[in-house]
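Novice: Quick one: the structure is below, and I'll ask about it shortly.
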Amino acid sequence: MRQGLLSLACAGALVLSLGGCGKEEAVASGPLAYVPADTPYVFANLEPISEQRAQEWLGMLAELPRLYVLQLQQVRTALTRSGEADAVLLGALDGLQAEIEGKSFEQILQGFGYSMQTRIAVYGLDLVPVMRAELADPSATRAAIARIEAKAGQPLPTGKLGDLSYWQLAPKDAPLMGVMAIIDNHLVLSIAPAKADEALLKQIFGMTPPAESMLVSEGLSKLNAQYGYLPFGSGYFDLQRAWQLVAQPTTPLQAAFMQSLEVTPPALDAACTQEMDALAKAWPRSSFGYTRLDPGVVDMRWVTEAPAAVLSDLRTLRAPTPGLAAADEALFNMSFALKLDALPPLANKWADAVAATPWQCEFLQPMNQAFADARSAAANPGIYAVAPVMQSINVLLTHFKPAPDMAQPEFKGKLLIGSPSPAALVSMLKAYVPGMATLEVPVDGSATALPAIPEMPIALPMFAAQTGNVFGIAVGEGEDAALGAAMQMDSATQPLMTMAYDGALYGELLGMMEPMLLAMGDTPEAKESAEMLKISRELYAKMFGRLAMRVEVTEQGIELMQRMEMPKAP
């Protein structure tokens, strides 16, 4: 048990020290040379980020070591109080803390033999995860592990594979073990059966190379070209390949893991094999990668490939959303869009298709009922009632300031509704909200003050406006001035969902936790938590100014796009 906990602590140190992407020289024996061309999943970088970008990221992460130290101290305290810690584990934690405390993030990386200029690949050998990373200084990595071992008073267990000495990371009597080795200038981390033979270990460590590597096949380069991913980090999960590995007769690697875990693979009948084949072909792959890496702005994209017919059907549900441009200036926004009148016919179409050819595989049969239930849900009268008046909704928070003693905070914002009939929404407001019976809202986008609503818990001024296709409500002093402009709607942009939040808002929300920590009293735990909260606020304030995401259905698939903007210079 001691050795296992120490192993996990040391492995954690190495993971924490992995800070970046890219090595200056393009060495032919880089990590991709060891990734099978037909791997079911991979994430890797083909090129290094620039030195300028590396320094920019190091600046953002400057407060991270302080946070790591506090986290290690909390773990140590918790283990001590629980009685689960021993001298070896506590020593390992102390050793890890010594490698971090008082150092910059760059110094920590250097201490573990890394730099922001390292290439890395995480991939599947069959289905077994392997991480392979270049080291800037392998001797520094070995020295760091030796220092932690010295603090622990006990070395990590090791194994021999020919001339290679590798570390074994596992609790005693566990069926599987983590394995870690430094081979030339590469660090390799993976898992293996506790009694793995030499042939299996050589395959895992890359001493037996794949028949064809991803470096040779250029599979990742082709993916990047297809989806516009940058060479600084991209990858995919291949459902077709993963299913092949599950369905086909087991490879020696799979057999060794199943034997060690005492697992018998389920027997699949012809119906299951055929239907799973069809699913894997229809939804073959999900991929992701950086699409922009500029000073101050980082974009990422995720794409789930789907059948063209399904994408075409889903695109019939799209609707324009008001206020997407205004959301760029909001502290927070969340929007949803769905053309509800297109939902029942689509649900019926899919339910009819499944009813005509129901799933036969036992594992997939629940989908028969799911599609039947979807037909019933789409027939809900509420959908037919809402469809004529609402197709999209966008909530924008434009001002937020916490109040002392957890009282009602200050806030301002807008609620925007894309509607085929905004006038119908105004009529509903007049009919069902007290005091609104005589309300008149012009159809020119100009804001009209709403009368006070009896027993309304929020005592803030409210305004309403409408155009031919948008109804909007603004809450807060001065929000009426920007309501009309915020209601603009671009029919060419029709995301299913968007969400964004400002780094300043995140900091304010973290700050709202301070009263709760103070209520814990003058205890070491409260002081540690308060210090962690303070560092977290400082860290996030430096790391990002704004995070925005949106989900769209395009001709290439179901896409999630994310943009992270760095804080603007004061």
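Novice: Select the helices (runs of 4 or more DSSP H) contained entirely in the range 116-224, then report the ones holding at least 2 residues which are farther than 30 Å from Gln52 by Cβ and hydrophobic (A, V, I, L, M, F, W, C).
Specialist: Working: elements: 138-152, 198-205, 214-217.
So the answer is 138-152, 198-205.
Novice: If Glu455 passes every condition in (1) of a type in the set (D, E, K, R); (2) outside any loop (DSSP other than H, G, I, E, B); (3) over 28 Å from Ala504 (Cβ atoms) but one, which one does it miss?
Specialist: Going through the list (1) of a type in the set (D, E, K, R); (2) outside any loop (DSSP other than H, G, I, E, B); (3) over 28 Å from Ala504 (Cβ atoms), Glu455 breaks only (2).
Novice: Do we find that Ser529 is among the polar types (S, T, N, Q), surrounded by fewer than 19 Cβ atoms within 10 Å (Cβ to Cβ) and modelled with pLDDT under 85 in this structure? Even if it seems obvious, please write down each step before you answer.
Specialist: Values: among the polar types (S, T, N, Q): yes; surrounded by fewer than 19 Cβ atoms within 10 Å (Cβ to Cβ): yes; modelled with pLDDT under 85: yes.
Yes.
Novice: If a residue has to be over 12 Å from Gly472 (Cβ atoms) and either of a type in the set (Phe, Trp, Tyr) or within 41 Å of the chain's Cα centre (by Cα) (or both) to count, how many in the range 403-428 make the cut?
Specialist: Residues of the range 403-428 that are over 12 Å from Gly472 (Cβ atoms), as a first pass: 403-412, 420-421, 423-424, 427-428.
If we keep only those that are either of a type in the set (Phe, Trp, Tyr) or within 41 Å of the chain's Cα centre (by Cα) (or both) too, we end up with 403-412, 420-421, 423-424, 428.
Adding up the residues that qualify gives 15.
Novice: If I ask for residues that are among the aromatic types (Phe, Trp, Tyr) and closer than 24 Å to Leu415 by Cα, which ones from the range 316-365 would you list? Spell out how you get there, then give the answer.
Specialist: Here is the first cut: in the range 316-365, the residues among the aromatic types (Phe, Trp, Tyr) are 332, 336, 350, 359, 363.
Result: Phe332, Phe336.
Novice: Might you check whether a residue that is touching a Gly at 6+ places or on another chain (Cβ under 8 Å) and either at pLDDT 75 or above or of a type in the set (Phe, Trp, Tyr) (or both) occurs anywhere in the range 557-566?
Specialist: Filtering the range 557-566 down to residues touching a Gly at 6+ places or on another chain (Cβ under 8 Å) leaves 565-566.
Then keep just the ones that are either at pLDDT 75 or above or of a type in the set (Phe, Trp, Tyr) (or both); that gives 565-566.
Yes; the residues of the range 557-566 include at least one that is touching a Gly at 6+ places or on another chain (Cβ under 8 Å) and either at pLDDT 75 or above or of a type in the set (Phe, Trp, Tyr) (or both).
Matching residues to (1) in the same structural domain as Lys151 (by TED's automatic domain parsing); (2) modelled with pLDDT of 85 or more; (3) of a type in the set (A, V, I, L, M, F, W, C):
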| residue | (1), (2), (3) |
| --- | --- |
| Cys10 | yes, no, yes |
| Ser17 | yes, no, no |
| Cys21 | yes, no, yes |
| Val27 | yes, no, yes |
| Pro31 | yes, yes, no |
| Ala62 | yes, no, yes |
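This table checks each residue for (1) without any contact (Cβ under 8 Å) to a residue 60 or more places away in the chain; (2) out of contact with any Cys (no Cβ under 6 Å at 6 or more places or on another chain); (3) not assigned by TED's automatic domain parsing to the domain that holds Ala548; (4) not in a helix (DSSP H, G or I).
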{"residue": "Met334", "(1), (2), (3), (4)": "no, yes, no, yes"}
{"residue": "Ala347", "(1), (2), (3), (4)": "yes, yes, yes, no"}
{"residue": "Pro358", "(1), (2), (3), (4)": "yes, yes, yes, yes"}
{"residue": "Ala370", "(1), (2), (3), (4)": "yes, yes, yes, no"}
{"residue": "Asp373", "(1), (2), (3), (4)": "yes, yes, yes, no"}
{"residue": "Ser376", "(1), (2), (3), (4)": "yes, yes, yes, no"}
{"residue": "Leu397", "(1), (2), (3), (4)": "no, yes, no, yes"}
{"residue": "Ile417", "(1), (2), (3), (4)": "no, yes, no, yes"}
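Novice: Scan the range 144-185 for residues that are of a type in the set (Val, Ile, Thr) and over 34 Å from the mean Cα position of the chain (by Cα) and report the count. Please lay out each step first, then the result.
Specialist: Taking the range 144-185 first, the residues of a type in the set (Val, Ile, Thr) are 145, 148, 158, 179, 182-183.
Filter again for over 34 Å from the mean Cα position of the chain (by Cα), leaving 158.
Selection size over the range 144-185: 1.
Novice: Can you tell me which residue is surrounded by the fewest Cβ atoms within 10 Å (Cβ to Cβ) among those in the range 42-91 that are among the basic types (Lys, Arg) and over 22 Å from Tyr540 (Cα atoms)?
Specialist: Step one: list which residues in the range 42-91 are among the basic types (Lys, Arg), which gives 53, 66, 76, 81.
Then drop every residue that is not over 22 Å from Tyr540 (Cα atoms), which leaves 76, 81.
Values: Arg76: 17, Arg81: 10.
Filtering first and then ranking leaves Arg81.
Novice: For the range 284-306, does any single residue satisfy the condition of being in a helix (DSSP H, G or I) and either of a type in the set (Gly, Ala, Ser) or touching a helix residue (DSSP H, G or I) at 6+ places or on another chain (Cβ under 8 Å) (or both)?
Specialist: So the first thing to find is which residues in the range 284-306 are in a helix (DSSP H, G or I), and the list is none.
No, the range 284-306 contains no residue that is in a helix (DSSP H, G or I) and either of a type in the set (Gly, Ala, Ser) or touching a helix residue (DSSP H, G or I) at 6+ places or on another chain (Cβ under 8 Å) (or both).
Novice: Next up: Which residues, counting only those in the range 419-437, are exposed (fewer than 13 other Cβ atoms within 10 Å of the Cβ), part of a loop (DSSP other than H, G, I, E, B) and either modelled with pLDDT of 90 or more or of a type in the set (A, V, I, L, M) (or both)?
Specialist: The answer is Ala437, and nothing else.
Novice: Of the conditions (1) farther than 30 Å from Lys542 by Cβ; (2) outside any helix (DSSP H, G or I); (3) acidic (Asp, Glu), Glu275 clears all except one; give me its number.
Specialist: (2)
Novice: Just need a number here: residues in the range 332-350 that are within 28 Å of the chain's Cα centre (by Cα) and not hydroxyl-bearing (Ser, Thr, Tyr). Even if it seems obvious, please write down each step before you answer.
Specialist: Applying the first criterion (within 28 Å of the chain's Cα centre (by Cα)) to the range 332-350 yields 332-339.
From the residues that got through so far, the ones that are not hydroxyl-bearing (Ser, Thr, Tyr) too are 332-334, 336-339.
Summing the residues that are within 28 Å of the chain's Cα centre (by Cα) and not hydroxyl-bearing (Ser, Thr, Tyr) in the range 332-350 gives 7.
The values are calculated or read from the model by the stated rules, or taken from the named source; none is laboratory data. Note that this is a predicted model, so its numbers are computed, not measured. When we count neighbours, we look across all protein chains shown, and the Cβ atoms used for this are built from the backbone with ideal geometry, even at glycine.
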